[in-house]
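> This is the structure, below, for whatever I ask next.
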Ligand code: FBP
């Protein structure tokens, strides 16, 4: 048991705010089918892969007579992927709703992520356990992991564990991949004739599991507030010391939602958006050129300082590096054990360089040695390069310094370039959830229980109208298959939930594009301060700025 800080103890007393309908006796809540939702494309392939779960309607929960079974249920829960603040509250909401429906119901937590289900590693989550984790950050109540449940063997082992435990339902709390797997499991159980309901919950700090029905994934709000506090403090430090350019890399494996939100919160001089880099086909040297020009313009005003936000995923959106990474992935995959036996560093670099096509080889060699080494490190379980381990901020600093030297030699830059680099990622995933995430997550858990009680297998908990007060939130569910398309991965056709990248035509990006030139030259930083848990709702409960921009005209 962790020693409790005063805030830790105080957070136990926080009662999450929930949609008004959840205050009804749970037996009086029923699902109302709304619109029929279908995937945007690949319908025929998806129909074949999910013959039993395709073409179901979205539902919303409304007040009314329900023919709900009240028998005691045994429900399993899995936390999957990277931690995101609020996961414990999803479990608390699920637990409370289950007990409300029938106090004899039981909640089983699978340890260490999906592998806990495959390998049958679990623990019962009783009220003593759940109460210790209410309104706290982290996933440590049962741990998390990145194992995928997708092979026939993994599906069968999962089935066996579920059978042994007499599970009535399974809740998968995770991102796009984990929810895809939840849909696969749901279909598999239907095909086996097993009466087991599988329900997903949208999690990821990256904010890229969203669409028309999922307004945001949980954890994004807290993570961006933590990073924004730190960035705001750095902005003020930059303006006080007036001697450093701060290059700040922010997490977000692919999409730049985190970078965009933090930019609105703090108004840095530059915020790179990976999706724009890709759309404009910007090369690494063009990106560096843009940064160097902005530094030079501020230097002309006597301001040799500033703040630059760099999204973690940027490296994979720069067209020539994207190609290079894909080629390295292929080389590593083809070499298999031979590559695995090489020691990190020079041996791996030499191996890769000897197999790269000439042009990519030249690009690879032009990169700093540290970046070459990081590009050669192990891939994640999905075969992807682990962008959180590539020091893109340092790459940009090094190349910008070179570029400024050239500009100085040509007489077009007169300034002094000193810098600091930062990476904020892990700092924001396990903070005490903001009130928004505490409320949202508890409500998602409660919503997941309602989906289970009504046997809505293959659905993901979806709560809408999130910019309103929680009492006016609209809980419901969306069939997971309706959010999927088919992607070709490693030579195979795979159903996947489409990642939501920053929409360059969307309101949030356009609002940013309209002000960024002003931010580049001015030093009018916005200082959001730390997350507040007590005080006026305008300070404690405000949802993310991009959520507000996306949902309101
Ligand atoms: P999820 O998509 O699983 O929520 O994780 C997101 C993330 O935090 C990314 O932002 C980051 O690139 C990655 O996880 C880091 O992964 P790991 O925890 O395995 O180092």
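> Just need a number here: residues in region 349-388 that are within 15 Å of residue 329 (Cβ to Cβ) and at pLDDT below 90.
Total satisfying the criteria: 11.
> A further question follows. In the list 450, 444, which residue meets the criterion of being over 19 Å from the mean Cα position of the chain (by Cα), under 30 Å from residue 184 (Cβ atoms), assigned to a helix (DSSP H, G or I) and touching a residue at least 60 places away in the same chain (Cβ under 8 Å)?
The conditions single out 450.
> Name every residue in region 35-68 that is more than 24 Å from residue 188 (Cα to Cα) and surrounded by 15 or more Cβ atoms within 10 Å (Cβ to Cβ), in order of residue number.
Answer for region 35-68, where residues must be more than 24 Å from residue 188 (Cα to Cα) and surrounded by 15 or more Cβ atoms within 10 Å (Cβ to Cβ): 60, 61, 62, 66, 68.
> Of everything in region 458-488, what is out of contact with any strand residue (DSSP E or B) (no Cβ under 7 Å at 6 or more places or on another chain) and without any contact (Cβ under 8 Å) to a residue 12 or more places away in the chain? Give them in sequence order.
Scanning region 458-488 gives 468, 488.
> Separate question: In this structure, is residue 270 on the phi < 0 side of the Ramachandran plot, within 16 Å of the ligand (Cβ to nearest atom) and in contact with a strand residue (DSSP E or B) (Cβ under 7 Å, 6 or more places away or on another chain)?
So residue 270 fails the test.
> Another question about this same structure. Name the residue that is farthest from the ligand (Cβ to nearest atom), counting only residues in region 64-98 that are in contact with a helix residue (DSSP H, G or I) (Cβ under 8 Å, 6 or more places away or on another chain) and free of Cβ contacts under 8 Å to residues at least 40 places away in the same chain.
Among those residues, the one meeting the criterion is 65.
> For region 152-266, give me every one of the helices (runs of 4 or more DSSP H) that falls completely inside it and has 3 or more residues that are within 16 Å of the ligand (Cβ to nearest atom).
Correct list: 176-191, 220-241, 257-266.
> Among the candidates 190, 258, which residue alone is in contact with a helix residue (DSSP H, G or I) (Cβ under 6 Å, 6 or more places away or on another chain) and either in contact (Cβ under 8 Å) with a residue 12 or more places away in the chain or more than 19 Å from residue 84 (Cα to Cα) (or both)?
258
> So, one more: Take residues that are within 24 Å of residue 131 (Cα to Cα) and within 25 Å of the chain's Cα centre (by Cα) and tell me which of the helices (runs of 4 or more DSSP H) falling wholly in region 1-115 contain 3 or more.
87-101
> Of all residues in region 371-403, which are surrounded by fewer than 14 Cβ atoms within 10 Å (Cβ to Cβ) and away from the ligand (no atom under 16 Å from the Cβ)?
If the condition is that a residue be surrounded by fewer than 14 Cβ atoms within 10 Å (Cβ to Cβ) and away from the ligand (no atom under 16 Å from the Cβ), then 402 is the only one that fits.
> Quick check on this structure: which one of 173, 231 is closer than 30 Å to residue 298 by Cβ and touching a strand residue (DSSP E or B) at 6+ places or on another chain (Cβ under 8 Å)?
Only one candidate passes the filter, namely 231.
> Shifting gears a bit: On the basis of being part of a loop (DSSP other than H, G, I, E, B), modelled with pLDDT of 95 or more and buried (at least 24 other Cβ atoms within 10 Å of the Cβ), does residue 457 make the cut?
It is true that residue 457 is part of a loop (DSSP other than H, G, I, E, B), modelled with pLDDT of 95 or more and buried (at least 24 other Cβ atoms within 10 Å of the Cβ).
> Okay, next question. Residue check, residue 523 against (1) farther than 26 Å from residue 237 by Cα; (2) touching a strand residue (DSSP E or B) at 6+ places or on another chain (Cβ under 9 Å), all met but one. Which one?
Residue 523 satisfies all of (1) farther than 26 Å from residue 237 by Cα; (2) touching a strand residue (DSSP E or B) at 6+ places or on another chain (Cβ under 9 Å) except (1).
> Tell me, yes or no, whether region 340-357 has at least one residue that is part of a helix (DSSP H, G or I) and either within 16 Å of the ligand (Cβ to nearest atom) or within 30 Å of residue 242 (Cα to Cα) (or both).
No - not one qualifying residue is present in region 340-357.
> Can you find, within region 404-434, the residue that is farthest from residue 226 (Cα to Cα) among those that are within 16 Å of the ligand (Cβ to nearest atom) and either at pLDDT below 95 or surrounded by fewer than 16 Cβ atoms within 10 Å (Cβ to Cβ) (or both)?
426
> Oh, and also: Residue check, residue 178 against (1) within 14 Å of the chain's Cα centre (by Cα); (2) within 29 Å of residue 45 (Cα to Cα); (3) at pLDDT 95 or above, all met but one. Which one?
So the condition that residue 178 fails would be (3).
> Right, next: Scanning for something under 30 Å from residue 89 (Cβ atoms), surrounded by fewer than 24 Cβ atoms within 10 Å (Cβ to Cβ) and either touching a strand residue (DSSP E or B) at 6+ places or on another chain (Cβ under 7 Å) or in contact (Cβ under 8 Å) with a residue 40 or more places away in the chain (or both), does region 278-291 turn up at least one residue?
no
> Within region 385-431, which residues are out of contact with any strand residue (DSSP E or B) (no Cβ under 8 Å at 6 or more places or on another chain), more than 30 Å from residue 530 (Cβ to Cβ) and not in a helix (DSSP H, G or I)?
If the condition is that a residue be out of contact with any strand residue (DSSP E or B) (no Cβ under 8 Å at 6 or more places or on another chain), more than 30 Å from residue 530 (Cβ to Cβ) and not in a helix (DSSP H, G or I), then 385, 410, 411, 412, 413, 414, 415, 416 are the ones that fit.
The values are calculated or read from the model by the stated rules, or taken from the named source; none is laboratory data. This structure is a prediction, so every number in the text was calculated from the model and none was measured. Positions of Cβ are generated from backbone atoms using ideal geometry, with glycine treated the same way; all protein chains shown enter the neighbour counts.
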